[in-house]
Structure formats: C-alpha cells, structure tokens
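A.B. asks: After the structure tokens below, expect a handful of questions from me.
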Amino acid sequence: MKPRSTISALIVVAILLSAISAPQQAFAAPPDVRVLLIGSSLVRGVKSTLKKMYRQDGLKAQIKAFAPAKWTLHDHAGSGRTASLIAARPWDVVLMAQASLGATIFDLPDVTILDDLITAQGATSGLLMTWYDQEVPASNYDLLKGTPDGSTGYVPLAFALDIFVAPAGWGVRNVLVDIEQGNPIAQTLDLWKRRAHLGKAGRYLAGAIVYTTLTGNSPVGQWTPNSLDGSVTDYLQTLAADTVLTDPTEWNLP
C-alpha cells in the first residue's frame with residue numbers, strides 16, 4: 001500500500017493534469033442582431049416572436065424592450081434611462097413606439113431627439129406603429145397611418161426624418177377589416193387581451209410584422225407557437241407579409 005502522502009500527491013498531480021488538458025470554455029458568441037424597442041407596455045409582446053423567428057433563420061438575436069406602462073415618445077425623449085440604454089450597446093436597430101393614443105407631427109421634436117441619440121451610436125432608427133384600443137373601428141386607423149405630407153399618423157413622422165415604419169398597427173387594422181367582412185378565421189382570433197393590449201394572436205402578428213420589416217423576408221413558413229392553430233398562423237403570416245411587402249414604400253422601406 002502506498003503511503004497516504006504519496007496518494008495525496010498523485011491526486012494533486014492528476015487534478016492539475018486534468019485542468020491543463022480539459023478544453024477551456026469559450027466566451028459566449030456575440031449576438032448576430034441587436035434590437036432595442038422603446039415605447040409603452042404595448043410593445044413588450046413583440047420580443048418573443050421576433051427572437052424566435054430570427055432563431056429559425058439561424059441568427060442569435062438580442063432583443064430588449066424598455067417599455068414602462070403608458071410611456072409616450074415624450075417620456076422617452078426626456079428620460080436619462082432611455083438615453084443610457086440607447087448608448088449602452090451597439091444596437092443594430094432601435095424602434096420607437098407611441099402609446100395607443102397614436103402619433104402626430106407634434107411628436108416630431110421628441111422623435112428627433114431620440115433619432116439623434118440612436119444615429120449617434122451608429123444604429124438605425126425606425127418607428128413601431130402601435131394600435132388603438134380594441135373598441136376603435138378599422139375606419140379610424142387611417143389617422144394612425146397618415147400620409148407623407150400629412151400631420152397625423154406615423155407615416156409623416158417617418159418621412160420627415162427619413163426613417164421607416166414597422167406597421168404592426170396597420171396589421172391589426174387589416175384583421176379588423178377582415179372581421180368586418182366576415183372572414184371566418186379572423187372572426188375567431190384571440191386578437192385582444194384587454195383594452196389596447198394584444199392577445200396571443202395579436203402579439204404573434206405584431207412580432208411577424210416587425211420581423212418582416214427588419215429582414216425584408218416573408219414570415220410565411222416561419223416559427224409558430226403551439227398555442228395557435230395552424231390555420232390561424234397561416235392567416236397571420238400571410239397577412240403580415242401582405243401588410244409590409246405589398247408596397248414597402250408606404251412605410252419608407254426600400
């Protein structure tokens with residue numbers, strides 16, 4: 001039998017050799033895509049779908065939302081926390097969203113402040129069009145969209161600063177039109193959760209529209225949640241693609 005001291009020495013040597021020969025753990029790979037969402041609590045539900053669709057494309061995405069309840073673009077423009085988050089990481093895209101009250105040209109000073117902060121960091125800025133409360137009819141959404149030379153809606157803000165719009169709210173409007181026209185799938189959708197907050201189908205639609213806006217790719221055939229029926233996700237994917245890609249110039253997209 002070897003003396004206890006010899007056995008201890010052999011154990012120490014074995015541990016040292018194991019540590020030397022063991023492969024070193026690599027640092028985590030940096031994200032391929034970094035997206036920051038700033039807005040109100042309405043935009044929080046976009047993160048999950050967007051991240052999973054990027055993942056299906058083989059991309060590691062870092063998606064962060066700073067979205068305190070009821071915050072407006074004016075709140076973010078005056079927030080040191082928002083400014084710090086914009087400067088904290090090398091974001092690829094920062095999307096700015098208004099609360100459910102919609103946007104007007106009077107928001108231009110606040111959007112300009114935020115756009116200047118974003119572009120100073122080398123990121124691309126855009127507007128994430130949100131949506132009205134659930135009792136608002138589809139006919140009112142023309143005011144949410146607006147025209148390039150108008151004074152109401154997201155579009156005039158985008159064209160004034162030469163930035164793009166991710167038209168999630170217009171996708172909600174298109175579902176409302178389909179409901180009014182008797183589309184059987186649209187009429188069964190879990191579009192809303194409460195007031196202006198979207199339900200499962202609505203959140204999936206919003207995320208698919210943001211994905212299509214940022215990538216230029218159709219979401220048809222993309223990731224789908226188990227909680228939604230296949231006919232529903234087929235409908236939502238097609239509607240998201242049509243909303244963004246039928247005429248990208250509407251949203252100041254190339």
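A.B. asks: Please go through segment 71-108 and give me each residue that is over 30 Å from GLN134 (Cβ atoms) and among the acidic types (Asp, Glu), ordered by number. Don't jump to the end; show me each part of the working.
C.D. replies: Taking segment 71-108 first, the residues over 30 Å from GLN134 (Cβ atoms) are 80, 83-84, 86-92.
ASP92, the sole residue that qualifies.
A.B. asks: Please go through segment 108-130 and give me each residue that is polar (S, T, N, Q) and part of a loop (DSSP other than H, G, I, E, B), ordered by number. Full working, then the answer.
C.D. replies: Filtering segment 108-130 for residues polar (S, T, N, Q) gives 112, 119, 121, 124-125, 130.
Result: GLN121, THR130.
A.B. asks: While we're here: Give ARG81, ARG34 a once-over and let me know the one that is surrounded by fewer than 17 Cβ atoms within 10 Å (Cβ to Cβ) and not in a loop (DSSP other than H, G, I, E, B). Steps first, please.
C.D. replies: Details: ARG34 fails: surrounded by fewer than 17 Cβ atoms within 10 Å (Cβ to Cβ).
Checking each option against the conditions leaves just ARG81.
A.B. asks: Is it the case that some residue within segment 127-134 is surrounded by fewer than 23 Cβ atoms within 10 Å (Cβ to Cβ), more than 17 Å from MET96 (Cα to Cα), in contact (Cβ under 8 Å) with a residue 12 or more places away in the chain and among the acidic types (Asp, Glu)?
C.D. replies: Going through segment 127-134, the residues surrounded by fewer than 23 Cβ atoms within 10 Å (Cβ to Cβ) turn out to be 132-134.
Applying the additional criterion that residues be more than 17 Å from MET96 (Cα to Cα) yields 133-134.
The next check asks that each one be in contact (Cβ under 8 Å) with a residue 12 or more places away in the chain; those that pass are 133-134.
Checking the rest, the ones that are also among the acidic types (Asp, Glu) come to 133.
Checked segment 127-134: at least one residue is surrounded by fewer than 23 Cβ atoms within 10 Å (Cβ to Cβ), more than 17 Å from MET96 (Cα to Cα), in contact (Cβ under 8 Å) with a residue 12 or more places away in the chain and among the acidic types (Asp, Glu).
A.B. asks: Can you find even one residue in segment 57-68 that is of a type in the set (D, E, K, R) and in a loop (DSSP other than H, G, I, E, B)?
C.D. replies: Step one: of segment 57-68, the residues of a type in the set (D, E, K, R) are 57, 60, 64.
Narrowing further to those that are in a loop (DSSP other than H, G, I, E, B): 57, 60.
Within segment 57-68, one or more residues are of a type in the set (D, E, K, R) and in a loop (DSSP other than H, G, I, E, B).
A.B. asks: Okay, moving on. Scan segment 210-236 for residues that are of a type outside the set (Ser, Thr, Tyr) and closer than 19 Å to LEU253 by Cα and jot them down. Give the derivation first.
C.D. replies: Residues of segment 210-236 that are of a type outside the set (Ser, Thr, Tyr), as a first pass: 210, 214, 216-217, 219-223, 225-226, 228-230, 232, 234, 236.
Passing the criteria: VAL210, LEU214, GLY216, ASN217, PRO219.
A.B. asks: A follow-up question, please. Of all the residues that make up segment 135-147, how many are surrounded by fewer than 19 Cβ atoms within 10 Å (Cβ to Cβ) and either aromatic (Phe, Trp, Tyr) or in contact (Cβ under 8 Å) with a residue 24 or more places away in the chain (or both)? Break it down stepwise before answering.
C.D. replies: Taking segment 135-147 as the starting set, the residues that turn out to be surrounded by fewer than 19 Cβ atoms within 10 Å (Cβ to Cβ) are 135-140, 142-143, 147.
Applying the additional criterion that residues be either aromatic (Phe, Trp, Tyr) or in contact (Cβ under 8 Å) with a residue 24 or more places away in the chain (or both) yields 137-138, 143.
Total satisfying the criteria: 3.
A.B. asks: Only one of these conditions is not met by ALA240: (1) surrounded by fewer than 24 Cβ atoms within 10 Å (Cβ to Cβ); (2) within 18 Å of LYS47 (Cα to Cα); (3) small (Gly, Ala, Ser). Which number is it?
C.D. replies: The failed condition is (1).
A.B. asks: For segment 155-177: of the residues being in a helix (DSSP H, G or I) and touching a residue at least 60 places away in the same chain (Cβ under 8 Å), which is farthest from THR49 (Cα to Cα)?
C.D. replies: Taking segment 155-177 as the starting set, the residues that turn out to be in a helix (DSSP H, G or I) are 155-161, 168-177.
Right, trim to touching a residue at least 60 places away in the same chain (Cβ under 8 Å) and you get 155, 158-159, 168, 170-171, 174-175.
Working: VAL155: 24, ALA158: 24, PHE159: 27, ALA168: 13, TRP170: 18, GLY171: 15, ASN174: 19, VAL175: 18 Å.
Among residues in segment 155-177 that are in a helix (DSSP H, G or I) and touching a residue at least 60 places away in the same chain (Cβ under 8 Å), the one farthest from THR49 (Cα to Cα) is PHE159.
A.B. asks: Residues of segment 49-67 being under 20 Å from PRO225 (Cα atoms), of a type outside the set (D, E, K, R) and touching a strand residue (DSSP E or B) at 6+ places or on another chain (Cβ under 7 Å), which ones?
C.D. replies: LEU50, TYR54, LEU59, ALA61, GLN62, ILE63
A.B. asks: For segment 199-254, how many residues meet the condition of being in a helix (DSSP H, G or I) and either at positive phi or small (Gly, Ala, Ser) (or both)?
C.D. replies: Within segment 199-254, the first condition is being in a helix (DSSP H, G or I), and the residues that meet it are 200-215, 230-245, 248-251.
After this cut, where a residue has to be either at positive phi or small (Gly, Ala, Ser) (or both) as well, the list is 201-202, 206-208, 230-231, 240-241.
So the answer is 9.
A.B. asks: If I go through segment 131-148 residue by residue, how many of them are small (Gly, Ala, Ser) and over 24 Å from SER41 (Cβ atoms)?
C.D. replies: Keep residues of segment 131-148 that are small (Gly, Ala, Ser), which gives 138-139, 146.
Adding the requirement that they be over 24 Å from SER41 (Cβ atoms) leaves 139.
The number of residues fulfilling the criteria is 1.
Rule-based calculations on the coordinates, nothing more; no lab input. Here the structure is a predicted model, which means the values were calculated and not measured. Every residue, glycine as well, gets a Cβ built from its backbone with ideal geometry; the counts of neighbours run over all protein chains shown.
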